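The values are calculated or read from the model by the stated rules, or taken from the named source; none is laboratory data. On a predicted model such as this, the values are computed, not experimentally measured, just so you know. Heads up, the Cβs are rebuilt from the backbone with ideal geometry, glycines too, and the neighbour counts pull from every protein chain shown. These area figures cover heavy atoms from the full protein model, side chains too; ligands, DNA and RNA do not enter into them. Shrake-Rupley method; radii C 1.70, N 1.55, O 1.52, S 1.80 Å.
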Amino acid sequence: MDIFNKILYEFEIFGIEIQITQTLVSTWVLMGLLIVFALIAKSAVSKFQTIPTGFQNAVESLIELVENFVRNTAGENLMELAPWFLMLVLFIFTSNISGIVGLRPPTTEWSTNFALALCSFYFIQKMGIKHRKKDYLKSLVQPIFLFLPINIIGELSKPISLSFRLFGNMLSGLILMAMVYSMPVYLRILIPIPLHMYFDLAIGALQTYIFCLLSLSFIRNAAISAS
Amino acid sequence: MDGLSAIIIISNIAVVLALSNGIVTVFGQAKIAIAAIESISRQPEVAGTVTNTMFISLALAETQGIYGLLVAIILLFANPFIPIYIQYLMGT
């Protein structure tokens with residue numbers, strides 16, 4: 001593990017420089033794992049029974065967890081967002097804990113987080129316009145017309161603060177772990193284990209929860225009028 | 001003292017200042033946690049709602065500390081002033 005993101009391979013297409021970095025490779029690995037998991041779950045759906053056992057238990061409890069989370073936080077109106085949040089939870093959590101197996105977590109790269117936060121931004125605007133129509137656009141010029149630029153800056157700051165929160169937390173954990181791994185060999189045997197438990201598992205799970213909770217509450221505030 | 005070491009020393013002082021806003025962040029987060037615990041102990045039946053609100057408030061309060069941390073990380077590992085200084089040296 002290193003503080004800096006290493007460039008593994010570099011090439012050029014039509015004058016655009018494309019860099020294959022460590023985080024990009026670990027994103028592909030995690031994408032592959034999640035796609036395989038989804039395919040296995042899909043092929044197993046036809047064999048599901050009324051009384052769940054084994055693998056079916058795991059899949060059903062995961063889906064129920066996310067559905068309950070969306071229902072309790074945002075209400076029945078926004079249940080269409082549950083699949084998106086299932087994907088968000090799976091991807092962010094697996095990438096946060098991927099530091100344990102030696103991959104460089106994709107969430108330590110700001111561009112990954114900003115892409116996820118931009119999707120949240122899209123859903124905030126889309127759900128606001130879909131559920132409140134003109135009221136939502138009118139809320140941008142509240143209380144008077146002069147507040148329009150301030151409200152627009154407030155909207156634009158949401159994805160930035162969302163992405164920076166996840167990025168800062170994960171990168172600070174990674175830098176601390178890199179410092180521990182640069183110690184002499186005899187100190188590296190037992191010390192990293194509790195640190196991995198804290199920085200990867202505990203902080204990773206907490207940040208996943210906070211990212212999903214914050215984007216869901218932003219969407220709820222946009223979609224359901226406060227007054 | 002030449003220019004490069006001056007840049008590094010001043011950057012490190014700036015890193016300490018940027019990280020010291022973590023003190024304020026921790027006090028704010030402690031206040032949020034105290035208020036949440038008090039309201040849960042007064043009314044245990046609203047624990048779920050209070051916990052959710054507490055996490056949102058904690059995350060919003062944490063943003064300040066994270067911004068300071070980012071400034072510190074940029075100054076430490078990707079200092080933007082050193083390339084400017086090198087360019088200046090090449091120019092003269």
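Output wanted: per-residue J couplings in Hz (rounded whole) for the range B:45-57, from phi through Karplus 6.51 cos²θ - 1.76 cosθ + 1.60, θ = phi - 60°, x for Gly and Pro.
Running phi through 6.51 cos²θ - 1.76 cosθ + 1.60 with θ = phi - 60° gives 6, 9, 3, x, 4, 5, 5, 4, 4, 4, 5, 4, 5 Hz.
Where does the range A:1-47 land on Rg(C-alpha)/(2.2 N^0.38 Å)?
The range A:1-47 yields a ratio of 1.73.
What are the radius of gyration and Dmax of chain A, computed over its Cα atoms and given in Å?
Here Rg and the maximum Cα pair distance are 20.6, 65 Å.
Under 27 Å between alpha carbons: how many lysine pairs meet that in the protein assembly as shown, if sequence neighbours fewer than 8 apart on the same chain are excluded?
9
Using only the Cα atoms of chain B, build the gyration tensor, take square roots of its eigenvalues as a ≥ b ≥ c, and label the shape rounded, prolate or oblate: rounded if a/c is under 1.5, else prolate if a/b is larger than b/c, else oblate.
Judged from the Cα gyration tensor, chain B comes out prolate (a/c at least 1.5, a/b above b/c).
Give me Rg over Rh for the range A:116-218, both radii from the alpha carbons and Rh done the Kirkwood way, two decimal places.
1.22
Starting from the residue with the highest accessible area, list A:Phe145, A:Phe14, A:Phe93, A:Phe4 in decreasing order, probe 1.4 Å.
Order by accessible area, largest first: A:Phe14, A:Phe145, A:Phe4, A:Phe93.
I'd like the accessible area for A:Arg188, computed on protein heavy atoms only with a 1.4 Å probe and all protein chains in place. Round to 10 Å², please.
So the heavy atoms of A:Arg188 present about 90 Å² to solvent.
Given a 1.4 Å probe, how much area per residue of the range B:14-91 is accessible, in Å²?
With all protein chains present, the range B:14-91 gives 64 Å² per residue.
If you count, for every residue in B:55-63, the Cβ atoms of partner chains within 10 Å of its Cβ, what is the mean?
Mean partner shielding for this stretch: 5.
Sorted by packing (mean other beta-carbon atoms within 10 Å per residue), highest first, where do A:26-39, B:77-90 land?
Packing order, densest peptide first, comes out as A:26-39, B:77-90.
Work from the charge dipole of the protein assembly as shown (Cβ charges, +1 for Lys and Arg, -1 for Asp and Glu, about the Cα centre) and give the residue of A:Thr27, A:Ala223, B:Gln29 farthest towards its positive end.
Checked the options; the winner is A:Ala223.
What is chain A's relative contact order, in percent, from Cα pairs under 8 angstrom and six or more apart in sequence?
26
Please compute the contact order of chain B in relative form: average sequence separation of alpha-carbon pairs under 8 Å and at least six residues apart, divided by the residue count, as a percent.
47
Amide H to amide H under 5 Å from A:Thr21: which residues, 5+ apart in sequence or cross-chain, H placed 1.01 Å off N in plane?
A:Leu8
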